[in-house]
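Here the structure is laid out as structure tokens; the discussion comes afterwards.
The values are calculated or read from the model by the stated rules, or taken from the named source; none is laboratory data. Predicted, not measured: the structure shown is a model, and the values here were computed from it. As a convention, Cβ positions derive from the backbone with ideal geometry for all residues, glycine included, and neighbour counts pool all protein chains shown.
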Amino acid sequence: MIPVRNDVNKGQDLASIKNPMKKLNSILFVLFILSGNCLYSQSATVLLHVADAKTVINKNIYGHFAEHLGHCIYSGLFVGDSSQVIPNSDGVRNDIIAALKRLKVPVLRWPGGCFADTYHWKDGVGPKKERPTMINKWWGGVTEDNSFGTHDFLNMCERIGADPYLAGNVGSGTVQELSQWVQYVNGEAISPMSLWRKSNGRDKPWHVKYFGVGNEAWGCGGNMSAEYYCNIYRQYATFMTDWNNGDHIFRVASGANADDYHWTEVMMRDVPKGLLEGVSLHYYSVIDWNAKGPAAEFSRQQYFATMKQALRMEELVTKHVAIMDKYDPQKKLALVVDEWGGWYDVEPGTSPFFLYQQNTMRDAMLAGVTLNIFNNHCDRVRMANLAQLVNVLQSVILTNKQKIILTPTYHVMEMYNVHQNAVMIPVSLSNIFYTEGNDSLPAISVSASKDEEGITHVSLVNIDPGKTNLVRIQIEGPILKLGNGRILRSARIQDHNSFDEPEKILPQSFTGAVIKNNELNVSMPPASVVVLTLL
Ligand code: AHR
């Protein structure tokens with residue numbers, strides 16, 4: 001079943017088509033509108049197909065990405081062992097560790113990005129004073145001192161409870177180098193790599209499961225063709241062995257740029273079964289690569305354009321999945337969207353190479369609709385990584401010396417973490433539209449799941465910045481009891497948390513939902529994200 005049918009609302013709701021008993025409710029509802037008691041001329045209708053819930057939303061859909069770029073690592077999450085001012089654990093800020101634990105970050109990708117294909121992991125292990133430096137070619141030509149390396153990253157992942165996802169160097173590395181990295185982090189038996197790890201202070205392997213085989217091989221990872229990379233991938237993957245009997249590594253091939261469907265076709269067709277576990281996809285919601293627009297003081301037209309780009313993820317995922325289905329109808333391989341998010345102009349006065357941008361309610365909308373798309377495609381999308389964790393692009397955390405702020409995107413990811421490892425409930429959606437000029441977009445986005453304790457969560461987004469919209473939720477089966485609800489909203493879509501006002505935008509409890517005539521009526525304020533609990 002295609003989980004979301006984002007149909008135009010032509011006055012007839014999908015639920016009443018499926019279940020004639022519901023027709024009566026619709027008629028009553030229309031009468032209710034006509035009686036003048038209701039502010040809404042139209043409503044979106046959602047039907048939860050509870051009986052069809054069977055696929056687990058892999059918690060890794062809520063993954064993140066941290067690159068050696070700008071102030072993501074250095075002066076971001078890592079302040080160095082010697083910071084007297086900022087409390088840290090082996091150099092990683094304690095306030096960030098605590099915030100990421102609360103967020104329930106399931107998986108973290110590192111060290112790039114484009115940086116990954118310039119990175120030589122051996123330079124980042126052993127005594128820090130002896131580590132060689134390198135120039136960060138892609139991100140401003142800054143000197144990288146390798147003080148944050150493999151141990152630092154993997155120990156940090158252990159602290160926050162996230163699975164590490166190591167992106168290997170294919171563009172300027174060797175097969176041997178990547179295969180030895182796997183052996184270094186995972187080898188149990190006596191081998192040169194496991195002995196070296198032990199001599200560097202780590203006795204037990206980290207059991208790293210996720211490995212990327214290069215990054216953006218079509219671009220900064222080597223400017224390769226799909227066919228050329230495919231052969232290279234086969235070679236690298238062959239030597240990335242499970243060094244422990246119990247570990248089964250999960251290899252992710254560098255995948256398509258946005259709508260490059262040929263790339264996915266070649267990887268799926270030409271990599272022999274057994275050499276591949278996941279294919280990646282990178283897609284950023286950018287208005288125009290030559291005119292990205294400001295991150296905070298954007299216009300309404302720019303907001304609309306960003307939403308349009310964000311909603312394009314539905315089409316991209318659907319089409320890449322269709323190709324994967326052709327070669328892998330049993331859906332054994334995963335689509336891994338290991339870079340996604342909003343990309344705008346850098347903040348004035350900051351380096352154009354550091355990609356530092358503010359994070360507003362627009363980003364909350366972007367995160368909400370994208371995560372709903374991933375949830376609804378969880379039979380194939382089994383990991384996604386928001387770019388990037390701290391101080392770069394659509395970050396969940398921004399830092400300024402001793403201070404940190406949690407962005408609106410952080411709050412959406414935190415509100416949505418109830419979906420992690422829950423069973424997705426397919427939804428039908430009869431939508432209403434948000435119009436700007438001559439163009440319009442579906443206003444409401446939704447996904448739902450049932451967790452281990454039998455609790456249902458519904459996440460809704462109203463991207464319309466000018467209109468409160470009514471969403472009528474109908475459930476196939478007995479109506480559930482309304483539990484608590486949470487909402488993220490603010491007066492303006494440009495609103496954001498700042499170091500002066502770090503808690504301007506926080507999730508609040510939501511009182512705009514009622515059960516009426518056997519359906520749940522949710523009044524969604526302009527530009528809001530709501531997560532409801534049903535018992
Ligand atoms: O996230 C920033 C950059 O975007 C990454 O380094 C690269 O993979 C992508 O092009």
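The residues listed here are TYR165, TYR184, TYR236; of these, the one that is assigned to a strand (DSSP E or B) and touching a residue at least 60 places away in the same chain (Cβ under 8 Å) is TYR165. Among the conditions (1) within 15 Å of the ligand (Cβ to nearest atom); (2) within 16 Å of the chain's Cα centre (by Cα); (3) more than 20 Å from HIS457 (Cα to Cα), THR409 misses just one, which is (3). Looking only at the stretch 493-524, residues that are within 24 Å of the chain's Cα centre (by Cα) and assigned to a loop (DSSP other than H, G, I, E, B) come to 11 in all.
Considering only residues that are among the hydrophobic types (A, V, I, L, M, F, W, C) and in contact (Cβ under 8 Å) with a residue 60 or more places away in the chain, look in the stretch 108-126 and name the one that is nearest to the ligand (Cβ to nearest atom). Walk me through how you get there before you give the answer.
Pass one, the stretch 108-126, residues among the hydrophobic types (A, V, I, L, M, F, W, C): 108, 110, 114-116, 121, 125.
Still in the list and also in contact (Cβ under 8 Å) with a residue 60 or more places away in the chain: 108, 114, 116, 121, 125.
On the way: LEU108: 14, CYS114: 4, ALA116: 8, TRP121: 17, VAL125: 22 Å.
Only one residue tops the list, namely CYS114.
Just one residue in the set LEU393, LEU366 is in contact (Cβ under 8 Å) with a residue 24 or more places away in the chain and under 29 Å from ASP52 (Cβ atoms); that residue is LEU366. Tell me, yes or no, whether the stretch 168-183 has at least one residue that is more than 16 Å from the ligand (Cβ to nearest atom) and within 25 Å of ASN88 (Cβ to Cβ). Checked the stretch 168-183: no residue is more than 16 Å from the ligand (Cβ to nearest atom) and within 25 Å of ASN88 (Cβ to Cβ).
Tell me whether the stretch 19-39 contains one or more residues that are modelled with pLDDT of 75 or more and surrounded by fewer than 19 Cβ atoms within 10 Å (Cβ to Cβ).
no
Number of residues in the stretch 238-255 that are in contact with a helix residue (DSSP H, G or I) (Cβ under 9 Å, 6 or more places away or on another chain) and over 16 Å from VAL170 (Cβ atoms) equals 5. Here is a list of conditions, (1) in contact with a strand residue (DSSP E or B) (Cβ under 8 Å, 6 or more places away or on another chain); (2) within 15 Å of the ligand (Cβ to nearest atom), and LEU355 meets all of them except one; can you say which number that is? Failed condition: (1).
Results for (1) out of contact with any Asp or Glu (no Cβ under 6 Å at 6 or more places or on another chain); (2) at pLDDT 95 or above; (3) within 22 Å of CYS114 (Cβ to Cβ), shown as yes or no for each residue.
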position: ILE323; (1), (2), (3): no, yes, no
position: TYR327; (1), (2), (3): yes, yes, no
position: ALA334; (1), (2), (3): yes, yes, no
position: ASP338; (1), (2), (3): yes, yes, yes
position: VAL346; (1), (2), (3): yes, yes, yes
position: ARG362; (1), (2), (3): yes, yes, no
position: ALA367; (1), (2), (3): yes, yes, no
position: VAL381; (1), (2), (3): yes, yes, no
position: TYR410; (1), (2), (3): yes, yes, no
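Take the conditions assigned to a strand (DSSP E or B) and more than 16 Å from the ligand (Cβ to nearest atom) and apply them to MET424. Does it pass?
Details: assigned to a strand (DSSP E or B): yes; more than 16 Å from the ligand (Cβ to nearest atom): yes.
So MET424 passes the test.
Would you confirm, using the coordinates I've provided, whether ALA256 is modelled with pLDDT of 95 or more and not in a loop (DSSP other than H, G, I, E, B)? In short, yes. Scanning the stretch 197-220 for residues that are over 26 Å from the mean Cα position of the chain (by Cα) and either surrounded by 19 or more Cβ atoms within 10 Å (Cβ to Cβ) or closer than 19 Å to TYR119 by Cα (or both) gives ARG197, PRO205. Out of curiosity, is ASN223 surrounded by fewer than 21 Cβ atoms within 10 Å (Cβ to Cβ), within 16 Å of the ligand (Cβ to nearest atom) and in a loop (DSSP other than H, G, I, E, B)? Spelling it out, ASN223 is indeed surrounded by fewer than 21 Cβ atoms within 10 Å (Cβ to Cβ), within 16 Å of the ligand (Cβ to nearest atom) and in a loop (DSSP other than H, G, I, E, B). Residues in the stretch 77-98 that are crowded, with 21+ Cβ neighbours inside 10 Å and either within 14 Å of the ligand (Cβ to nearest atom) or in a helix (DSSP H, G or I) (or both): ILE96 only. A single member of ALA237, ALA256 is aliphatic (A, V, I, L, M), in contact with a Lys or Arg (Cβ under 6 Å, 6 or more places away or on another chain) and buried (at least 20 other Cβ atoms within 10 Å of the Cβ), and it is ALA237. Please work out which residue is farthest from GLY437 (Cα to Cα), limiting yourself to the stretch 455-492 and to residues that are within 25 Å of the chain's Cα centre (by Cα) and in a loop (DSSP other than H, G, I, E, B). Among those that are within 25 Å of the chain's Cα centre (by Cα) and in a loop (DSSP other than H, G, I, E, B), it is ILE455.
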